[in-house]
Amino acid sequence: MSEAAGPAQERVFLVVIDDTPEMRVALRYAANRARHVGGRVVLLHVYEPPDRQHWMALESLMREERMAEAELLTQRLAAETAALTGTLPAVHLREGATRDELLKLIDEDPSISVLILAAASGDAGPGPLVSAMSSKYVGRLRIPVTLVPGGLTEAEIDALS
């Protein structure tokens, strides 16, 4: 006699948010997937630390400005995500290098199920984060990565997800 399976683990879709056009593709794809499977979205925004300044007050002011900009971006994108999924996403704001902070978050949060990234369209290549997470750092990940073409329209994303 086998035990009945417990409730399925909630799918958690992680999206790295920034100001690139392809990020919107990844976000919509993740929101649609979360809505369809009863999962949720986690947003990560990493902002660069200010350059070291001789004047601590200037460095502190620059840090505060970057944090304020990051908060505005994440609030706006969290609201957009909530409109698509029906639930507010979890939001993580971090200072540092995007790749490093992304790997740390994945290691720290065992609930994250899938990393959703969108590749930049054009001749410049898929983007540094997509390149890193699909090659050199893929072995460090404990979760799958879904790469979405960054040039998709909303209708194409909706049809795929």
Within region 128-160, considering residues that are touching a residue at least 40 places away in the same chain (Cβ under 8 Å) and in a helix (DSSP H, G or I), the one farthest from Arg33 (Cα to Cα) | Leu129
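Here's the yes/no breakdown for (1) touching a Pro at 6+ places or on another chain (Cβ under 9 Å); (2) not in a helix (DSSP H, G or I):
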residue	(1), (2)
Leu44	no, yes
Met67	no, no
Arg76	no, no
Thr81	yes, no
Leu84	no, no
Pro126	no, yes
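Going by the structure shown, is Glu101 acidic (Asp, Glu) and surrounded by 18 or more Cβ atoms within 10 Å (Cβ to Cβ)?
Numbers: acidic (Asp, Glu): yes; surrounded by 18 or more Cβ atoms within 10 Å (Cβ to Cβ): yes.
The answer is yes for Glu101.
Which members of region 25-48 meet the condition of being charged (D, E, K, R) and modelled with pLDDT of 95 or more? It would help to see each step written out before you state the result.
Going residue by residue through region 25-48, those that are charged (D, E, K, R) are 28, 33, 35, 40, 48.
Arg28, Arg33, Arg35, Arg40, listed by residue number.
Within region 111-119, identify whether any single residue is assigned to a loop (DSSP other than H, G, I, E, B) and out of contact with any strand residue (DSSP E or B) (no Cβ under 6 Å at 6 or more places or on another chain), and answer yes or no. First the steps, then the outcome.
Within region 111-119, the first condition is being assigned to a loop (DSSP other than H, G, I, E, B), and the residues that meet it are 111-113.
Imposing the further condition that a residue be out of contact with any strand residue (DSSP E or B) (no Cβ under 6 Å at 6 or more places or on another chain) reduces the set to none.
No, there is no match, as no residue in region 111-119 is assigned to a loop (DSSP other than H, G, I, E, B) and out of contact with any strand residue (DSSP E or B) (no Cβ under 6 Å at 6 or more places or on another chain).
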Between a first residue in region 72-84 that is under 10 Å from Ile17 (Cβ atoms) and a second residue that is assigned to a helix (DSSP H, G or I) and small (Gly, Ala, Ser), which pairs have beta carbons less than 6 Å apart while being 6 or more apart in sequence or on different chains?
-> Thr81/Ala31
From the list Asp51, Asp123, Asp109, which residue is under 16 Å from Leu14 (Cβ atoms), acidic (Asp, Glu) and either at pLDDT 95 or above or more than 15 Å from the chain's Cα centre (by Cα) (or both)?
-> Asp109
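Would you pick out the residues in region 128-152 that are among the small types (Gly, Ala, Ser) and surrounded by fewer than 20 Cβ atoms within 10 Å (Cβ to Cβ)?
Residues of region 128-152 that are among the small types (Gly, Ala, Ser), as a first pass: 131-132, 134-135, 139, 150-151.
The answer is Ser131, Ala132, Ser134, Ser135, Gly139, Gly151.
The values are calculated or read from the model by the stated rules, or taken from the named source; none is laboratory data. Values in this document were obtained by computation on a predicted structure and should not be read as measured data. Cβ: placed from backbone, ideal geometry, glycine included. Neighbour counts: every protein chain shown.
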